[in-house]
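Worksheet: one structure, shown below.
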Ligand code: C2E
Ligand code: MG
Ligand code: MG
Ligand code: MG
């Protein structure tokens, strides 16, 4: 399995001394994308009120023939720098739409979230690629959520605003990812047509051990709710944190505690089992 919860044996391009090898890595990534050697793993988003799974987030995985699993935190920034991200996002959109159509056989309400980089927002292709993928798989735009990090949205605010307005008008839900990890102000973010705010794992991790972290998270959730956002807690690793977030009014949860990211076939099995047996046990009592 890739590095989900197991941090050993990861190849890190940052440890590469030679730029040449970074370029080789990007050439390899292009090839892997062409030859379908990349994969999508999916992590469920749970509604804290009902316990139901409302959507899944697509996360790319790459197993390199010689280097083993390469960490997305390492190759995504490189792909952004070199422009390979355009090809990567195109592949992700096509694959995620196919997989969502598959998941709809069991649950037609499910949504899929795709991570979009700032560079994708500059490209004119994104909109057309999304449209094609929806059409080919008989999907509505509202079933594909686009996650953009607050930092990416801030890089070129005017450009982001314009591109996201177009995508939102087409019916896509926009989600602000990693909220609280950067320095963006809610007064700027509020201009964006986003309906969802994801609280970064770094913000949430300490709420059981630090009074101030707890206050900050409570305040962030109240503020986000008052502004009309649906609030997601990311990276939840314990029942205790899940319970606290529910008490604070957080709407949705993602994290290893509920489910680690999984390949589509395992996810389908997990979802069936979850709805049949686990949902009631996993719904947070309040
Ligand atoms: P993200 O979008 O914020 O995704 C959440 C990351 O946290 C994922 O890491 C996920 O595996 C991990 N995670 C989820 N629950 C837990 C938990 O309980 N504990 C811990 N420690 N980690 C948890 P991953 O898959 O390595 O992705 C890292 C980042 O790389 C993503 O952050 C996203 O920014 C980017 N990324 C991943 N896939 C794609 C993609 O297809 N396209 C783009 N543009 N970026 C992607
Ligand atoms: Mg994300
Ligand atoms: Mg995130
Ligand atoms: Mg992140």
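Read-outs throughout are calculated quantities, based only on the coordinates presented, and are distinct from any laboratory measurement. A quick note: this is a predicted structure, and the numbers were derived from the prediction, not measured. Counting neighbours? That spans all protein chains shown, and the Cβs are built from the backbone with ideal geometry, glycine included.
Here are the numbers for this structure:
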{"item": "Of all DSSP beta bridges in the chain, antiparallel share, percent nearest 5", "result": "40"}
{"item": "Fraction of alpha-carbon pairs over 19 Å apart in the stretch 88-160 - percent", "result": "35"}
{"item": "Listed residues 93, 241, 116, most fluctuating in the chain (Gaussian network, C-alpha, under 10 Å)", "result": "241"}
{"item": "Taking all pairs of distinct alpha-carbon atoms in the chain, Kirkwood radius in angstrom", "result": "19.6"}
{"item": "Reciprocal of mean inverse Cα separation for the stretch 104-245 (Kirkwood radius, Å)", "result": "16.1"}
{"item": "Cα-only radius of gyration and Dmax that characterise the stretch 120-161, units Å", "result": "12.1, 34"}
{"item": "Per-selection metrics, the stretch 170-211 (Cα): Rg and Dmax in Å", "result": "12.6, 43"}
{"item": "Residue 247/residue 277 FRET efficiency (R0 30 Å; Cβ-Cβ; nearest 0.05)", "result": "0.75"}
{"item": "For the stretch 176-286: Kirkwood Rh in Å [reciprocal of mean 1/r, alpha carbons]", "result": "14.9"}
{"item": "The stretch 204-266, relative contact order [Cα under 8 Å, separation at least 6], %", "result": "31"}
{"item": "Gaussian network model of the chain, Cα within-10 Å springs - most flexible of 25, 164, 59", "result": "25"}
{"item": "Cubic angstrom per residue, convex hull over Cα atoms of the stretch 42-142", "result": "128"}
{"item": "Alpha-carbon gyration tensor eigenvalues x 5, square-rooted, for the stretch 201-265, Å", "result": "21, 15, 9"}
{"item": "Fluctuation leader among 37, 135, 105 - the chain, Gaussian network, Cα springs under 10 angstrom", "result": "105"}
